[in-house]
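Here is the structure we will look at, set down as structure tokens.
The values are calculated or read from the model by the stated rules, or taken from the named source; none is laboratory data. Not measured: the values here are computed from a predicted model. All Cβ positions, even for glycine, are placed from backbone atoms using ideal geometry, and neighbour counts span all protein chains on display.
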Amino acid sequence: MTQMTTPGEARLQAMAAPEGEIAAATHTLVIGPYLTRSAAPRTGGGPADVSRSSEARIDEAAGLAVAIELDVTEAIIAPVSRIRPSTYLGKGRVEELAGRIKAEEIGLVVMDCALSPVQQRNLEKAFGCKVIDRTGLILEIFGRRASTREGTLQVEHAHLAYQRSRLVRSWTHLERQRGGFGFLGGPGETQIEADRRMIQERMTKIERELDSVTRTRGLHRESRARVPYPIVALVGYTNAGKSTLFNALTKAEVMAKDMLFATLDPTARATKLPHGETVILSDTVGFISELPTALIAAFRATLEDVIEADILLHVRDVSHVDSEAQAEDVGDVLRELGIETTAERIIEVWNKADLLDDSERTRLLNLSAQGRNDRDSDVPILVSALTGEGLAALSGRIEARIAKRRSTFAVTLAPEDGAALNWLYENAEVLDRRAEEAGTIHLAIRVAPEKEPRFLNRFASARKLSRAD
């Protein structure tokens, strides 16, 4: 005899199902309600980004949904002449979409814009299904991908802050204590109202835990400062190839997929430059247009390596049709973090050269070649993290930028002074080494500022060749 399942049991079983299975069973419609070019300058809010094509924007929105395995049945552009306060879209368009959603049995609508709580609630009533906006979708991706304790706490805090003002059925984190797919079900509106106090209490607790995590990170930074190495942080638009480049430069195996937000938690590895200098390479979360302000604030601690880095590698996917607009978005986020985008420490890396057609590749190679003979040039470097093209030139450029803040010295050693020679290789960069027939060794050495006093104390006869800038 088959045992009947109650509605409550069915709901609990659905919540316990693997997230991928839940997503795969959710027919999703992605809608791009983009302002027309004539309307954007006159509108006082909403997504007025007309620098990139609507086609590229809807492709990105669909990519965000696919990144968490949602079953995207279709992605459509819905031009908007002006934003309606109640439903964002016009009445006729809402009715048209409602019929389509019902006929195609859509379970989730993703609106690629920022919806107010009222707009979200009204669209849900009109469509008869769950509706989330761009902010909600990005928060869900972050909730699914964050793996470190700090990343998980920060995502949860941002998600709670977002949900606190919304009387919508889109939050199950209080029941499951896990991130991801909070929009697929959850308590009813009355339950959300009853849980407002619980949400605030949870946020307060998370803030205390984050304070503790931040103090721990501070201790780690102090520990690292005692053995100082330059920090080189990779920044860029999501899916620009940062993790693939990170793996190529460090021989690490960080997850690198052709997928938006494949990397959320920062990863750091030590690697050596051509002349032996050790640097810490840090892979960071990718940026994106209209990144929720709450997430920028929440991940500020995660992005500390970017803020404090000696050198930033701005990795760009030059094969993407909206590469220039993506670069502007990255610049906007960096400025919000207080990082000047014209700073001397930024090196622009044109990645994915292997995906360019012959004419475009030749054009960018010619532009990149203008700085080939000047390692300290500001000209971007064309690379392919996948094939290894241009990586030697990139390492040389990083080394040259670091060298600008270091002095070089000439050192002469007796042939039997192996201990001194070993010290130099361990604590400085050996730029040149020549030995006389009698065995005397002549070296050109580059020394970091913090190690210069120890170096001069040990090698008092060293002759300075050049000063740091």
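Observations on the model:
- Test: ALA385 is touching a Lys or Arg at 6+ places or on another chain (Cβ under 8 Å), outside the structural domain of THR271 (by TED's automatic domain parsing) and at pLDDT 90 or above: no
- Flag if ARG467 is exposed (fewer than 12 other Cβ atoms within 10 Å of the Cβ), out of contact with any Pro (no Cβ under 8 Å at 6 or more places or on another chain) and in contact (Cβ under 8 Å) with a residue 60 or more places away in the chain: yes
- Considering ILE141, ILE101, ILE132, the condition of being on the phi < 0 side of the Ramachandran plot, touching a residue at least 24 places away in the same chain (Cβ under 8 Å) and over 29 Å from the mean Cα position of the chain (by Cα) is satisfied by ILE101 alone.
- Search result, residues across the stretch 327-357 that are modelled with pLDDT of 90 or more and loosely packed, with under 13 Cβ neighbours inside 10 Å: ASP357
- Checking LEU394 against (1) surrounded by 15 or more Cβ atoms within 10 Å (Cβ to Cβ); (2) among the hydrophobic types (A, V, I, L, M, F, W, C); (3) not assigned by TED's automatic domain parsing to the domain that holds ILE346, the condition it does not meet: (3)
- Residue within the stretch 73-95 that is among the aromatic types (Phe, Trp, Tyr), modelled with pLDDT of 95 or more and not assigned by TED's automatic domain parsing to the domain that holds TYR237 present: yes
- For the residues GLY185, GLY218, GLY236, GLY241, the requirement of being surrounded by fewer than 17 Cβ atoms within 10 Å (Cβ to Cβ) and at pLDDT 65 or above singles out GLY218.
- Looking across the stretch 419-438 at every residue that is at pLDDT below 90 and of a type in the set (Gly, Ala, Ser), the one that is nearest to the chain's Cα centre (by Cα) is identified as ALA428.
- In the stretch 446-457, residue nearest to PRO230 (Cα to Cα) [restricted to those that are of a type in the set (A, V, I, L, M) and either modelled with pLDDT under 90 or assigned to a strand (DSSP E or B) (or both)]: ALA448
- Just one of the listed residues (ILE339, ILE402, ILE381) is closer than 17 Å to ALA248 by Cβ and within 25 Å of the chain's Cα centre (by Cα), and it is ILE381.
- Scanning the stretch 309-324 for residues that are crowded, with 19+ Cβ neighbours inside 10 Å, modelled with pLDDT of 85 or more and aliphatic (A, V, I, L, M) gives ILE311, LEU312, LEU313, VAL315, VAL318.
- Scanning the stretch 393-445 for residues that are charged (D, E, K, R), out of contact with any Asp or Glu (no Cβ under 6 Å at 6 or more places or on another chain) and outside any helix (DSSP H, G or I) returns ARG405, ARG406, GLU416, ASP417, ASP432, ARG433, ARG434, GLU436, GLU437.
- Only one of the listed residues (ALA428, ALA444, ALA438) is touching a residue at least 12 places away in the same chain (Cβ under 8 Å), touching a helix residue (DSSP H, G or I) at 6+ places or on another chain (Cβ under 8 Å) and of a type outside the set (Lys, Arg). That residue is ALA428.
- Failed condition for PRO380, given (1) at pLDDT 90 or above; (2) outside the structural domain of ILE280 (by TED's automatic domain parsing); (3) not aliphatic (A, V, I, L, M): (2)
- Residues of the stretch 48-100 that are outside any helix (DSSP H, G or I) and basic (Lys, Arg): ARG52, ARG82, ARG84.
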